[in-house]
Structures are given as structure tokens and as C-alpha cells.
């Protein structure tokens, strides 16, 4: 019996469908959610969501959020999420470089901007790492 | 009376104006469409976030109130996030929302301060000597959630630090091309949908079905969701306001184009009359001259 899974970010539905297992990066560790999981609410950290349908796996990056599990339904409210296959690697690299450069000129950055930059750096690093790890595997 | 040359110049300049306003109208028309789409795209997230909040509110033992949920007994300061546009030429769009906001809080004794989104609103408030504590202008044409998140963050900070006891958002709600309503809505303290009294009776299993395990804990999760949801509401307000702005501009520009056309046809009429009068005069001169010559030679 599959479990219905929805990954929703603020501006779109990233994924929707019946799956066999969802693996999410919870704040207290990575957890796999199988059908008939007990109701659960958890916050997410930066990481990878893995979804398996039949024998096919899909990977998504997620930049924090909340997951709700109720019986036959997993809802992931993501702060930013995308399928690894749709990440623009060039853009991610550029973003990381931009963030690194501005962080180095620490004097010029206001403390409140610094936090935002750190987050941007974290996001882009995550994207790049995800692409490197999961795209390769697929092409092999 | 104006010379025909002046008239021609005037007609040409009005025609040029009409061309510009017409171009602006077309641009706005396509922008409205895009803004509406962006607005619709936030709906799935909002719906699900709302459902999770309702589920949470329905939980047994959610007595521990999150500070963002707590109504304060005494409201000493009000904060209003006023969403207007950066650019003008949008008819009464900016005036309407600023007036509505000022009227809404006019009979309050409590001091009201503003965070403005958009230059026009900021300027209007500053001209009226209101206190503007923060401003966000120059958002991109298609704002993303990440762009508007700092606004939500600022609102939450102001609220938690007791610099504001209530936070409102004032924006123009898009209804259709011809109708945009200024709306003022309270967003903090956040009111969670009350679980309906009879749900337990109607669905006896509803409660037991929804006993959650929390990771890390209920409070931390609320702490995560509610500021996000506040930011989301502001984001939605911005998108709706954006659609309204473009719709208002489109209508204003259409009106301008139409009046320009009317003006051109009036001017054209005048021009023709003057031209005709000029020709008649010349004819009279010539025939008068010819007459005089004929009499002289006779």
C-alpha cells in the first residue's frame, strides 16, 4: 500500500504522488516514512528528501521546513525545495561564489545580512553537493 | 486663434502621448496575468500550512500558548505594514490604500507606526508626518518568497520585542480587472482557527486519529511554522497588491488613451476649421485682387 506524498514550497507543488517510502532530514535525524506511519509533526533541516516509487528513486533538496504525517498522507512544507534533476548547477555555483565573496569582505556586511548570506551559502552548497552525488549515480 | 502649425504640433504630441499610454496599458495587461498566476501558485502551500495549524489547534493539550498567538491585554503600539507600489501612473491605487489605512486608524489613541513596501506609500506617509519604522522598496517585478521573508521577520521581531502589540497588513486585494479593494487585516497576534465545538461529536475518531508525535516538540514546531506563516501572509498580500497595481494601471492607462483619442478628434476638428478659414480667406484675397485688376484695366 503506497503512501501519498506532497512536497510543497511557497510558490509551487514540487512533488505529488503515491510513493513507497519517503526519507526526510528531520531535525533530530534522517527518518524514513513508510505507509501507516504514526501521526507525526517534525521540523526539517537542510538536506535531501528521497522518494521511492516502485524501483525508481527521486531526490529533492530541501532548505528546512515542516513535515506532517497523518495516516496515509505525508505533507512536506518546504522553505525551498527542488528536484535534483532540475537544479541549475551553474546558478548554484554562481550563488555560492557570490555568497563566499561577500562573506569574506566581512567588514562591509551588516550582521543581519551576514545571517542571510550564510543561509544562501548553505543552500547553494547543498544544491551543488546534491547534484554531484545523485546525478552521477543516475548516469552510470 | 492658434495657427495651423501650432495646432498640428499639438495634435501630434497628443497622439504620441496616446501611443505611450497604450503601450503601458498592454504591458500592464500582461503583468496582471503574471501576477495573478504567481498569486495562485502560493495557494497550495497556504492551504496545507493552514491545515497543519488547524490540526495543531485541535490537539489535546495545546494550552502552552506560543507568544505569537497570545492576545495582549493592553495595546500600546500598532504596527501597520502598508503595501503600495514603487511607481505611479496607476490611477487612484496608491491614494486609496493610504487613505484607507489612515482612516482605519484615525480614531485610535494608540500610536501607529508603519512599515512601507513601495516608494509611493512611503512618500505619502512621510508627507503626512507618520512614523515609518521600516521600508522595503524596489522589490523585483516578480517577488519571491525569500524576498518578502525579511518583512515578515521584521514584523515578528517588532511584535516579540513588544515594540508593537498588534500588527496589521494593509494592501489592495485583487478581485478582478476593474475592482480592487483596499483591505486591512490583523496578522499578529496570530489567531489559529478555532476547532469547531462539534467536531468531536461528528467524527469521534478525529481526535484519536490526530495525536501527533512531535519532533523536536510542539513548541519548537509552532516556533517554526508561525513566523513562516506570517511571512507567507505578507507574501500573499504583496502578490495580490501587485496584481491590483497592474490592473489599476491598466485601467488608468486605458482611460488616458481614450481621452487622448477624444482630444485628438476635437483638436482635429478645430484644426480643420482653422485651415478651412485660412483657405477661404486666401480665396477672398485672390478673387478680391483679381476683381481690382479687372476694374483697373477696364
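Nothing in this text is a laboratory measurement; each read-out follows from the coordinates by a stated rule. From a predicted model like this one, the values you see are computed outputs, not experimental measurements. Every residue, glycine among them, receives a Cβ derived from its backbone with ideal geometry; neighbour counts consider all protein chains shown.
Please state the shape class of region A:3-84: rounded when a/c is under 1.5, otherwise prolate if a/b exceeds b/c and oblate if not, all from the C-alpha gyration tensor. Rounded shape, in that the Cα axes give a/c under 1.5. Cβ-Cβ distance of residue B:191 and residue B:141, R₀ of 22 Å, FRET efficiency by 1/(1 + (r/R0)^6): the value works out to about 0.10.
Estimated at 0.36 nm per residue, the fully extended path between residue A:129 and residue A:13 surpasses their Cα-Cα distance by 39.4 nm.
Shape verdict for region B:6-159, please, from the Cα gyration tensor: rounded (a/c under 1.5), prolate (a/b greater than b/c) or oblate. Cα axes put region B:6-159 in the oblate bin.
Assuming R0 = 22 Å, can you tell me the calculated FRET efficiency for the pair residue B:6 and residue B:265, based on Cβ-Cβ distance, to the nearest 0.05? Using R0 = 22 Å, I get an efficiency of 0.80.
Label 7 Å along Cα→Cβ of residue A:115; region B:143-180 residues with amide nitrogen under 18 Å? The answer is B:146-164. Annotation for residue B:272 and residue A:73: the two label points, set 7 Å from Cα along the Cα-Cβ direction, are 6.8 nm apart.
The modelled label-to-label distance between residue B:73 and residue B:54, using points 7 Å beyond Cα along the C-beta direction, is 3.4 nm.
Is region B:79-199 rounded, prolate or oblate when judged by the Cα gyration tensor, a ≥ b ≥ c being the square roots of its eigenvalues, rounded requiring a/c under 1.5 and prolate requiring a/b larger than b/c? It is rounded, given that a/c, with a ≥ b ≥ c, falls under 1.5. On full extension, the segment bounded by residue B:16 and residue B:258 gains 85.8 nm, given 0.36 nm per residue less the C-alpha separation. Beta bridges assigned by DSSP with both partners in the protein assembly as shown are antiparallel in approximately 65 percent of cases.
Sorted from greatest to least, the principal axis extents spanned by the alpha carbons of chain B come out as 123, 41, 32 Å. Between residue A:52 and residue A:94, the simple label model (points 7 Å from Cα in the Cβ direction) yields a spacing of 3.8 nm.
Using a Förster radius of 30 Å, what is the FRET efficiency between residue B:218 and residue B:173 based on their Cβ-Cβ separation? Nearest 0.05, please. It comes out at approximately 0.35.
Rounded to the nearest 10 degrees, the angle from helix B:4-41 to the longest Cα principal axis of chain B is 20 degrees.
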